[in-house]
There are 2 protein chains.
Amino acid sequence: MAFSEFRPLHDNSLIDYVKSVPALSSKIANDFDNLFVKEVGDGNLNFVFIVLNSAGSFVIKQALPYVRSIGESWAMTKERSYFEWLALKEKGRLCPEHVPEVYHFDRTMSLIGMRYLEPPHIILRKGLVAGIEYPLLAEHMADFMAKTLFFTSLLFRTTSEHKRDVAEYCGNVEMCRLTEQVVFSDPYKVSEYNRWTSPYLDHDAEALREDNLLKLEVAELKSKFCERAQALIHGDLHTSSMMVTHESTQVIDPEFAFYGPMGYDIGAFLGNLILAYCSQDGHAYQANDRKAYKEWILKTIEDTWNLFQHKFTALWDEHRNGAGEAYLPAIYNNPEVQLLVQKKYMTDLFHDSLGFGAAKMIRRIVGVAHVEDFESIADAAKRATCEKRALDLAKTILKERRKFEGIAEIVSAIRKHES
Amino acid sequence: MAFSEFRPLHDNSLIDYVKSVPALSSKIANDFDNLFVKEVGDGNLNFVFIVLNSAGSFVIKQALPYVRSIGESWAMTKERSYFEWLALKEKGRLCPEHVPEVYHFDRTMSLIGMRYLEPPHIILRKGLVAGIEYPLLAEHMADFMAKTLFFTSLLFRTTSEHKRDVAEYCGNVEMCRLTEQVVFSDPYKVSEYNRWTSPYLDHDAEALREDNLLKLEVAELKSKFCERAQALIHGDLHTSSMMVTHESTQVIDPEFAFYGPMGYDIGAFLGNLILAYCSQDGHAYQANDRKAYKEWILKTIEDTWNLFQHKFTALWDEHRNGAGEAYLPAIYNNPEVQLLVQKKYMTDLFHDSLGFGAAKMIRRIVGVAHVEDFESIADAAKRATCEKRALDLAKTILKERRKFEGIAEIVSAIRKHES
């Protein structure tokens, strides 16, 4: 360990640190003469350094004890780095194709050394804003979610393993509390952190705070988020939590990881794809009306759920006679009952995903943290039109989610909402 | 501490032990000359000694590392004693009227020293078999459940306190696993531990193992039991877990305590009262047809839920502006929405309670551990008639629980099932 107590690294101290850590310095062949170092953290919470030379590369991510984008006034435990590391290791073990390799962890320094996702990897959200299609995205994300959720659930594990890990991740409570506040609370009350495209959405923001039926549904989702330890979830699986190329999808930033409801991850991804869809009209211009791109997003939404459902149930079938304790083979011992429980499980998960996805959409329009999909639409009136469409759609999905029987019906609802 | 490692106490070693523990010896004024010591544990899991003289008294409960009634072949962690002590302290703090005082705990010895519940206190189940009315039972149990469940839920507490305690009680996983096995698994599969009144119930036991819709519902209940950390529950709140007189109700034996679904406790109590009801015809004779007593049991079932609901919602109203994070007052800020969320919460809790209660009934008829209510009916045919009625009722309640809108409808269903 290079330092005996926490200190934020800067370019120079970073090099001293790397020199003292063989797991990192070996990645650049211990050559510090022609090193390229750049701080690239554009997130809200951390410093991220790229370190590379002709021999190799890595990334260093250091957590700071406050929310970087807001400042030192919003304190946040740097222990989140420990849970991010734990989750990266576990998810990387379960799905190495879609999780960057970890080289080093330093709990004192709240610092992770990991694979540098080289160009042309970019943050998926930036690709969505730029109108780039990723033909393997649905397949990859379905794969990541199916594996990481199935293998950490009671469909695969014993209750002993489950409770041991649930207890460990209870330690990440501060990150859970942040989610509780910004996703399930602030958008539905007056909060100094809330903002929206004013004055266009003033009435809509107020309407959220006065919608009793919506608040009833949000309470049910919050209760599931706080109480239901269904699987090890990423906890922040929006479209800026993955870096992509045409061939590669890499999920990063699981510092919100804990044992929670699976639908929170699936909903985060689907909800942010719907936001991307709703923002496209704001990015259209004469030479590119984005119509084909919007169709690709809808197809990706539909494929993601369908592929996820297929992969998840395939894992279930494959491990039906394994150690998982939710459905003992001696009880669920005929094809009819197996079909019955699987259908109910997937239907409940679908409705959870819709609910959480819609809640994640709402908070990105009227809450503290907005998305580049909308923020990059310079014309406020045009931006507000896109946002209002997304907000109305999210309210419908959240309230009516139990009526949707499949993802095709969601795609229809998205189309209908536009006309 | 009297001993440096665990050893089961016997009458003589017990006295040496007590001499070395001032918190206990002071209760009997350090007078060992005319001491009465008796082992009275009639439960499945522990040794229980009564220690008393003219100056005072106490009880010593020592956990053994196996299930006492089955023998050393069924191992069970004696660490359950630690969780029993934790839960006794916490529940005693929240509801001192109905939890015996704890004087001493020794983790090495898995030993709790606590109040001796003096005569005429008897185990409630024995009173129910004897046909004794307890006019305050519903009021007391409603009070105990409302306080212990409300004050350990997110209606009263912050998510930080919640996750800290959830993590702690994850350590009681072996006891949870025992419940998972004997309540949610064994009755629905072939198991060497299952038994029932044969041959009368052979077909009924088989029918349980072939009832796909019932298994579907049981899976949902098991998932809630394993995944939903709603409140600190007793975990074994049947009618042998309380000692009563006409004036007093004392809840004991919370060694199964953990953060689970509230309905599991409420259901355990109500389900065991329904078992008591169904057994009464087996205890009737010409001079006492038990008709009036059966009415008293029905009234107690109805009163328990209604009083619980009243007390629980009163606590909620009283603490609406407190630290509880489930329903922030800034969001749930008008009478309509407050009524809406409370109604939904109580309806969901009612249906959970019915489901868990029915599952607890079923396991007492075809599973490993039976109840004295039925076991004390010597005539097997008569016993089987009572048991079958209870089993059919439980299956109906479990499958149809979401259709019941209030406890009066359950009482009607119980009556109807008999005619």
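Of A:K395, A:K61, A:K299, which has the largest mean-square fluctuation in a 10 Å C-alpha GNM of chain A? Evaluated over chain A, the most mobile residue of the options is A:K299.
Per-residue Cβ neighbour counts within 10 Å put B:Y116, B:Y193 in the sequence B:Y193, B:Y116, beginning with the fewest. Along the positive direction of the dipole of the protein assembly as shown (beta-carbon charges: Lys, Arg +1; Asp, Glu -1; about the Cα centre), which of B:L154, A:N12, A:T396 reaches farthest? Result: A:T396, furthest along the dipole toward the positive end.
Sorting B:V366, A:V37 from the fewest to the most surrounding beta carbons within 10 angstrom yields A:V37, B:V366. Distances between copies of A:S376, taken at a point 7 Å out from Cα along the Cα→Cβ vector and listed shortest first: 7.6 nm. Measuring from each Cβ of chain A to the axis that turns chain A onto chain B, the shortest distance belongs to A:A167, 2 (residue, then whole Å). Largest mean-square fluctuation among B:P96, B:P254, B:P22, in a Gaussian network model of chain B whose springs join Cα atoms under 10 Å apart, belongs to B:P22.
Pairs of C-alpha atoms in the stretch A:169-217 farther apart than 12 Å represent 68 percent of all such pairs. Each of A:F308, A:Y345, A:I365 was scored by the projection of its Cα onto the charge dipole of the stretch A:281-384, and the greatest displacement toward the positive side belongs to A:I365; charges sit on the C-beta of Lys, Arg, Asp and Glu. Distances between equivalent label points of A:K403 across the copies, with each point positioned 7 Å along Cα→Cβ, amount to 2.5 nm, shortest listed first. Over the stretch A:1-143, one equal point on each Cα, no solvent: what is log10 I(q)/I(0) by the Debye formula at q = 0.10 Å⁻¹? Log10 I(q)/I(0), no solvent term: -0.38.
The Rg/Rh ratio of the stretch A:21-96, with Rg taken over Cα atoms and Rh as the Kirkwood radius over Cα pairs, comes to 1.05.
Using only side-chain charges placed at the Cβ, +1 for Lys and Arg and -1 for Asp and Glu, the dipole size of the protein assembly as shown relative to its Cα centre rounds to 600 debye.
Distances longer than 38 Å among the Cα atoms of chain A: what percent of all pairs is that? In whole percent, the share of Cα-Cα pairs in chain A beyond 38 Å is 21. Multiplying each eigenvalue of the alpha-carbon gyration tensor of the protein assembly as shown by 5 and taking the square root yields semi-axes of 53, 32, 25 Å, largest first, rounded to whole angstroms. Across all directions, the average flat footprint of the convex hull enclosing the Cα atoms of the stretch B:74-230 is 12.8 nm².
Our summary gives the stretch B:11-114 a relative contact order of 20 percent, counting only alpha carbon pairs under 8 angstrom and 6 or more residues apart. Full extension of the chain between A:M346 and A:A287 gives 17.1 nm of extra length, using 0.36 nm per residue less the Cα-Cα distance. Using Cβ point charges alone (K and R +1, D and E -1), the dipole size of the stretch B:11-114 about the Cα centre works out to roughly 260 debye.
Ellipticity at 222 nm from helices only: DSSP H runs of n ≥ 4 in chain A, each -39500 (n - 2.57), divided by the residue count, give -16000 deg cm²/dmol. Computed from point charges on the beta carbon alone (+1 for Lys and Arg, -1 for Asp and Glu), the dipole magnitude for the stretch B:122-418 about its Cα centre is near 380 Debye.
Using a cutoff of 8 angstrom between alpha carbon atoms and counting only pairs six or more residues apart, the relative contact order for chain A works out to 17 percent. Structure shown: which of A:K147/A:K294; B:K215/B:K360; A:K360/A:K395; B:K27/B:K61; B:K311/B:K360 lie over 21 Å apart, alpha-carbon to alpha-carbon? Cα-Cα > 21 Å for A:K147/A:K294; B:K311/B:K360; rest within.
Reducing the stretch B:164-217 and the stretch B:269-309 to their Cα centroids gives an inter-centroid distance of 25 Å. Taking every C-alpha pair closer than 8 Å and separated by at least 6 residues, the mean separation divided by the residue count of the stretch A:162-319 gives a relative contact order of 20 percent. The same position A:N288 in the other copies lies at 8.7 nm from this copy, comparing label points 7 Å beyond Cα toward the beta-carbon, shortest first.
Placing pseudo-labels 7 Å out from each Cα toward the beta carbon at A:E174 and B:S13 gives an inter-label distance of 4.7 nm. Note that the stretch B:325-416 carries a Kirkwood radius of 15.5 Å, evaluated over its alpha carbons pair by pair. Under a Gaussian network description of chain A, with springs only between Cα atoms under 10 Å, the residue in A:A87, A:A323, A:A378 that fluctuates furthest is A:A378. Among complete DSSP H helices in chain B, those whose alpha-carbon atoms stretch at least 24 Å along the helix's long axis and whose mean Kyte-Doolittle hydropathy reaches -1.0 are B:262-283, B:291-318, B:335-366, B:380-400.
Here, each number is a calculation from the coordinates, and none is a lab measurement. Computed from a prediction, not measured in an experiment: that's the story for all the values here. Glycine gets a Cβ as well: all are built from the backbone with ideal geometry, and neighbour counts include every protein chain shown.
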